[in-house]
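The values are calculated or read from the model by the stated rules, or taken from the named source; none is laboratory data. These figures come from a predicted structure and were not determined experimentally. Please note: Cβ atoms are built from the backbone with ideal geometry, for glycine as well, and neighbour counts cover all protein chains shown. Quick note on the areas: whole protein, heavy atoms, side chains included, nothing else; ligands and nucleic acids left out. Shrake-Rupley method; radii C 1.70, N 1.55, O 1.52, S 1.80 Å.
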Amino acid sequence: MRIIDPVVAAGEHYDICVVGAGPAGLAVAFGCASAGLSTLVLESGGMAPNDVAEHGHRAIIHDPAQHAPLEKVACRAFGGTSHWWGGNCNPFLDCEFASGEWPIPYGELAQWYPAAAKFLGCGSNFINEVHPPAVGRDGVFLDGISRQAAFPRDLSLTWQRQAEAQSNLHVVLWAEVVGLNYGQGKKVSGVRACIAPSAELHHFSAGTVVLAAAGLGTTRVLLAEQMRGAEFEGGRHLGRYYMGHLTGTGSKIRVQPESTGWGVRSPEEGEYIRERLLVGPNGFGQCHSTAFWIGNFPLWDAEHRSGGKSAKYLLGKVAKTLKISSTDEALDSRLGLQRTEWRPHLANIKKRPMDAFVTVVRTLRKLLSGGLQRLPDYPQPERDGTYALWYHAEQLPSAENVVQVEGPVALNSLPPLSIKFSFSDEDVSLTVQAHLRLKKVFNESGSGISMPDFDPDKLAERIRKNAYDGYHQIGTTRMAATPEKGMVDENCKVFGVDNLYVASASVFPTSGHSNPTLTVVALAQRLAAHLSNKKTKAAVDLRLTEADGI
């Protein structure tokens, strides 16, 4: 890898130009460069996160209570959101392809998961482990393959070392791509980008362009091109069907993790493993999936009834009020740190003052010694023997969830975005139904695992309150078999443009039960193989043509 001057890079022609140096962009770039293709990566940030790169996150969010600010969800730097990533590697499952929305068979995707997991530092052993009693009952079964990269880690440093070994890989930093350049026929000839801080414009030439910009960056570039007059065959789908996930904890469960495997196991191949249950499509025309796992009640939730946790929570509130803490305001909102009342926590502390005192002393001691470490959430039972039951649920695609550009579109700059994003009543209802199905299976299993009774209406209210995303930018350039149904084809190529591709969760036609990182990288590595094979085939065809004297 060479960090190359933009003037020098603009004077060269590359086989592949990748826009964005996040996990997906780098997966494409590494695969193409290792196959011998000259590869240019344009990254709008530097080698590490920096506020200078945040100007590209301009957006009007119509419902801030349900969507996080863009600067909080997309990291512009070499390595992208791996700088913030929680390390979860969860694949889609074959049952989630039952809707027929994906134009590729599940096996075509699944074969890339081991390589993607290795790329992300989560090991490569993705063999499902099936445990009784929930297998085959009403669409409920153990997933068994939730993995989390071991801590501490810094994938950007790992990828930098890997990139340095690739002589065909070139990187230009602080290059915000503002538009596409067009060649003859249905092709792009490259991209144009403004280089920070001077905003000087440069043109970069490439045989193939792959858009993998951070967050909604790829969607923004394509929307701007559409407003400038570009006619994409699947353009009516661009920006629509925006999805994320519903996540949180809304109920309790009684289970013995050590006997069921539902705890967090020690690292294997460098990753932690947590067992999960998947409530999949129910066979009644509702293709909706929800993952469940046991964990701890979040600090903000006074239902944990712990004096220590309440004290820790209030300590965080005080630190934030005094501006000692620089926590993510969007994440604070999602976790209730801005809307939870103090009184239930004070009641917990009053009931268990010694527990609160010991926790505060230990927390302050660790904080002062620099010993706080980000580790997996090992489940600990509450005083009544229950655990928090966490969920991560699919959001259904809806044309009403849409990303558009706001205002006029100049030739050499990108416009702000207008984001209309919310969770529907059906999203909430299906997540409640998944809880009810899971409870029914446990009650009938005779396994000793049980879920205490809960009020479905109150659970729905709680799920609605926790519904908040923007971290998973899914669906705005959806993949489909034809342009009548989507924006890109089964190889992630933009319909109607021969050499323009997308490497992003935006190509997912459904959000599934899992976070998108592993699947994004799997698709990116599949795309790199496709581009490498395409280049090889073209070279062979050219040699055969020359040999025939044509």
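Can you give the charge dipole size of the stretch 422-541 about its Cα centre, rounded to the nearest 20 debye, using +1 on the beta carbon of Lys and Arg and -1 on the beta carbon of Asp and Glu?
Details: 14 positive and 14 negative charges, 82 e Å.
With Lys and Arg at +1 and Asp and Glu at -1, about 400 debye.
Near the amide H of residue 14, under 5 Å away, which other amide H atoms are found, from residues 5 or more places off or on another chain, if H is placed in the peptide plane?
Residues meeting the criterion, in which the H sits 1.01 Å from N, are 205, 206, 207.
Using the Cα centre as the reference, give the magnitude of the dipole from point charges on the C-beta atoms of the stretch 392-479 (Lys, Arg: +1; Asp, Glu: -1; all else neutral), rounded to the nearest 20 debye.
160
Go ahead and run the numbers for FRET between residue 106 and residue 464, Cβ-Cβ distance against an R0 of 35 Å, rounding to 0.05.
On the way: r = 31 Å, r/R0 = 0.90.
Plugging the Cβ-Cβ distance into 1/(1 + (r/R0)^6) gives 0.65.
What spacing in nm lies between the two simple spin-label points modelled at residue 7 and residue 182, each 7 Å away from Cα in the Cβ direction?
Between residue 7 and residue 182, the label points sit 3.2 nm apart.
Taking a probe of 1.4 Å, how large is the accessible area per residue of the stretch 61-123, in Å²? Before the final figure, lay out the partial values.
Working: 2250 Å² over 63 residues.
On a per-residue basis, 36 Å².
Quick one: Karplus J couplings for the stretch 32-48, per residue in order, coefficients 6.51, -1.76, 1.60, θ = phi - 60°, nearest Hz, x for Gly and Pro?
6, 5, 5, 8, x, 8, 5, 10, 10, 10, 10, 10, 6, x, x, 7, 9
Whose amide H sits under 5 Å from the amide H of residue 48, counting only residues 5 or more places off or on another chain, with H placed in the peptide plane?
Long-range HN contacts for residue 48: 78.
Solvent-accessible area of residue 1, probe 1.4 Å, all protein chains present, reported in Å² to the nearest ten, please.
Answer for residue 1: close to 40 Å² accessible.
At 7 Å along Cα-to-Cβ for each site, give me the label-to-label distance between residue 491 and residue 424 in nm.
Using points 7 Å along Cα→Cβ, the separation is 3.3 nm.
Leaving out ligands and nucleic acids, note down the accessible area per residue over the stretch 147-218 with a 1.4 angstrom probe, in whole Å². If you can, show how the numbers build up before the last one.
Working: 2840 Å² over 72 residues.
It amounts to 39 Å² per residue over the stretch 147-218.
Using θ = phi - 60° and the Karplus relation 6.51 cos²θ - 1.76 cosθ + 1.60, list the HN-Hα couplings for the stretch 207-213 in order, rounded to whole Hz, with x at every Gly or Pro.
x, 9, 10, 10, 8, 9, 5
Note down the accessible area of residue 390, probe 1.4 Å, to the nearest 10 Å².
Accessible surface of residue 390 is approximately 50 Å².
Ignoring any ligand, DNA or RNA, what whole percent of the accessible area of the stretch 466-515 comes from carbon and sulfur when the probe is 1.4 angstrom?
Values: 470 of 940 Å².
Carbon and sulfur together cover 49 percent of it.
Arrange the residues 354, 243 by how much accessible surface each exposes, largest first, with a 1.4 angstrom probe. Don't skip to the answer; put the middle values down first.
Details: 354 130, 243 0 Å².
If we order 354, 243 from most to least accessible, we get 354, 243.
Do any of 186/485; 485/535; 118/186 go past 30 Å between their Cα atoms, and which?
Details: 186/485 20 Å; 485/535 28 Å; 118/186 36 Å.
Correct reply: 118/186.
Which sequence of 108, 233 reflects their accessible areas, 1.4 Å probe, from the largest down? Could you put the intermediate results ahead of the total?
Numbers: 108 65, 233 105 Å².
Order by accessible area, largest first: 233, 108.
Summarise the accessible area of the stretch 15-114 (1.4 Å probe, protein heavy atoms) by the percent that is carbon and sulfur.
Values: 1710 of 3260 Å².
Roughly 52 percent, rounded to a whole number.
How do 469, 355, 453, 5 stack up against each other in accessible area, from largest to smallest, with a 1.4 angstrom probe?
Output order, biggest surface exposure first: 453, 5, 355, 469.
Roughly how much of residue 358 is accessible, in Å² to the nearest 10, using a 1.4 Å probe?
Accessible area, nearest 10 Å²: 50 Å².
Can you flag which of 309/350; 72/458; 312/351; 252/440; 420/458 are past 18 Å Cα-Cα? Before the final figure, lay out each step's value.
Values: 309/350 13 Å; 72/458 30 Å; 312/351 15 Å; 252/440 14 Å; 420/458 26 Å.
Table pairs above 18 Å Cα-Cα are 72/458; 420/458.
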